[in-house]
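Asks: I am attaching a structure below and will ask some questions about it afterwards.
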Amino acid sequence: MSVIILGIESSCDDTSAAVIKDGYLLSNIIANQNVHKAYGGVVPELASRAHQQNIIPVVDQAIKTAGIKKEEISAVAFTRGPGLLGSLLVGTSFSKSFALALHIPIVEVNHLQAHILVHFIKQYQSENRLPDFPFLCLLVSGGHTQIVMVKDYLDMEIIGQTIDDAGGEAFDKCAKVIGLPYPGGPGIDQNAQSGNKFAFTFSKPRIKDYDYSFSGLKTSFLYFIRDHIKENQYFIKENMNDLCASIQHSIVEILMQKLILASKTTGIKNIAIAGGVSANSGLRSAVLDASEKYHWNTFIPEFKFTTDNAAMIAITGYYKYLNKDFASQDIAPLARFKY
Ligand code: KG4
Ligand code: ZN
């Protein structure tokens, strides 16, 4: 009998629902929350309210697009954490009630593991290669930066991580300094296309092993801009593309240096990237270059699977369902959630 998983994602500012049948994606609906743009970052209270408004229409559309009846769903998989507690509560409560009404189990999912497992989502219209175990995954999002050794679908070990800001946060904070809207990563990426990445250089962190640090870079960027504005008030406007290309280049170099080190030391050449920042064109091409140079077997996710989505929750839920790893109805979300 087929296994059909409804996935629910509500950890930050995207409300998403997806349906996966036997590992194949049937639908993946995402409602973004534009309400935060005016504030330069996600406002938790507004995010929870928007999830509350969006969740039922989003789930309804995911089920309709998938062409299934809700009675066919085998289990509901939901993001338990990490994330904003108020946002997580909406997805968790919805999933529990929905499953209770249909007499089906619920499956708790760690959002970060889910970002990594996007590489196992199968699609009817396009055949994709699936990674072999073990592989290394560079996971870079708005809240996390990790190098993960993936030994099996649900057996992962974090071998390196940021000691302060995340890679996505570095993009967002630098973007804010030069007046780009939140989230800043896509704006920097776009402007960087026509800029010179060697125009400006910024300080690089010296951190042990496979760990990262981005707070020094952010501060050096801030001071650099402040000093130049004192001399020329139009400095940002006149150098926007070069600034974006240079800061993107610095972030990508920092990310790649530790990934290359991890691959060399562990001898693992199956390399994947995941998370919102894996949409970055500079990072994607740097991974492809390294792949050629070091003979890596590289896995780069489709753009639609890089930022937050419920397809990744559903695929993780699918593997946990096969293990009969169900959660009980008294489960609560976790703002911090280690795996
Ligand atoms: O994974 P994600 O959607 O949410 C979290 O779990 O945090 O990642 C969001 C992050 C934001 O920091 C955003 O600026 C960044 O991903 N991002 C990008 C790009 N697209 C999204 N950063 C650089 N270049 C991009 N093209
Ligand atoms: Zn995420």
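Asks: Just for the chain, what percent of DSSP beta bridges are antiparallel, to the closest 5? Can you show the working numbers first?
Replies: Numbers: 27 of 45 bridges.
Approximately 60 percent, going by the DSSP bridge assignments.
Asks: I've got another one for you. How far is it, in nm, from the label point at ASP289 to the one at SER2 when both lie 7 Å from their Cα along the line to the Cβ?
Replies: It works out to 4.5 nm between the two label points.
Asks: Still on this model: Quick one: helix 167-177 against the long Cα principal axis of the chain, what's the angle to the nearest 10°, folded into 0 to 90?
Replies: 50
Asks: Which value, in Å², gives the accessible area per residue of the chain when a 1.4 Å probe is used on the protein heavy atoms?
Replies: Values: 15300 Å² over 339 residues.
Counting only protein heavy atoms, the per-residue value for the chain is 45 Å².
Asks: R0 = 41 Å: FRET efficiency of GLU72 with GLU253, Cβ-based, nearest 0.05?
Replies: Details: r = 48 Å, r/R0 = 1.18.
So, using R0 = 41 Å, E works out to roughly 0.25.
Asks: With the contact rule set at Cα under 8 Å and sequence spacing of 6 or more, what percent relative contact order holds for the chain?
Replies: Dividing the mean separation by the residue count of the chain yields 25 percent.
Asks: Give me a comma-separated list of calculated 3J(HN,Hα) values for segment 223-238, in order, Karplus coefficients 6.51, -1.76, 1.60 applied at θ = phi - 60°, integers in Hz, x for any Gly or Pro.
Replies: In residue order, the calculated couplings are 5, 4, 5, 4, 5, 6, 5, 4, 8, 8, 5, 9, 3, 5, 4, 6 Hz.
Asks: So if R0 is 25 Å, what FRET efficiency would ASP209 and LEU334 give, r being the distance between their Cβ atoms, rounded to the nearest 0.05?
Replies: Details: r = 27 Å, r/R0 = 1.08.
The formula returns an efficiency of 0.40 here.
Asks: Counting alpha carbon pairs within less than 8 Å and at least 6 residues apart, what relative contact order, in whole percent, applies to segment 165-277? Show your work: numbers first, answer last.
Replies: Working: 139 pairs, mean separation 39.9, N = 113.
Result for segment 165-277 is 35 percent.
Asks: I've got another one for you. Could I get the Rg over Rh figure for the chain? Both from C-alpha atoms, Rh via Kirkwood, rounded to two places.
Replies: Details: Rg = 20.3 Å, Rh = 20.6 Å.
With Rg and the Kirkwood Rh in hand, the quotient comes to 0.99.
Asks: To continue, here is another question. When the accessible area of segment 1-121 is split by element with a 1.4 Å probe, what percent falls to carbon and sulfur?
Replies: Details: 2550 of 4640 Å².
Carbon plus sulfur share of accessible area: 55 percent.
Asks: Nearest 10 degrees is fine. How inclined is helix 311-322 to the longest principal axis of the chain, computing both from alpha carbons?
Replies: 50
Asks: Just from the alpha-carbon atoms, what are the Rg and Dmax of segment 135-303 in angstroms?
Replies: Rg then Dmax for segment 135-303, in Å: 16.0, 55.
Asks: Calculate how steeply helix 281-294 sits against the longest principal axis of the alpha-carbon atoms of the chain, using the helix alpha-carbon long axis, and give the answer as 0 to 90 degrees to the nearest 10.
Replies: With both axes taken from Cα atoms, the answer is about 90 degrees.
Asks: With a Förster radius of 56 Å, plug the Cβ-Cβ distance of ASP132 and GLN53 into 1/(1 + (r/R0)^6) and report the FRET value to the nearest 0.05.
Replies: Numbers: r = 42 Å, r/R0 = 0.76.
With R0 = 56 Å, the Cβ-Cβ based efficiency is 0.85.
Asks: LEU154 to TYR24: extension gain in nm, 0.36 nm per residue of separation minus the Cα-Cα distance? Don't skip to the answer; put the middle values down first.
Replies: Values: separation 130, 0.36 × 130 = 46.80 nm, distance 1.83 nm.
Full extension of this stretch gives 45.0 nm more.
Asks: Divide by every residue of the chain the summed helix terms, -39500 (n - 2.57) for each DSSP H run of at least 4, and state the resulting mean residue ellipticity at 222 nm, rounded to the nearest 500 deg cm²/dmol.
Replies: -14000 deg cm²/dmol
Asks: Using only Cα atoms, locate the centre of segment 173-194 and the centre of segment 221-294, then give the distance between them in Å, rounded to an integer.
Replies: Comparing the Cα centres of segment 173-194 and segment 221-294, I get a distance of 13 Å.
Asks: Collect residues whose amide H, placed 1.01 Å from N in the peptide plane, falls under 5 Å from the amide H of ALA75; neighbours closer than 5 in sequence don't count.
Replies: Long-range HN contacts for ALA75: ILE4, LEU6.
The values are calculated or read from the model by the stated rules, or taken from the named source; none is laboratory data. No experiment lies behind these values; they were computed from the predicted model shown. As a convention, Cβ positions derive from the backbone with ideal geometry for all residues, glycine included, and neighbour counts pool all protein chains shown. Please note that ligands, DNA and RNA were not included when accessible areas were found on the heavy atoms of the full protein model with its side chains. Shrake-Rupley method; radii C 1.70, N 1.55, O 1.52, S 1.80 Å.
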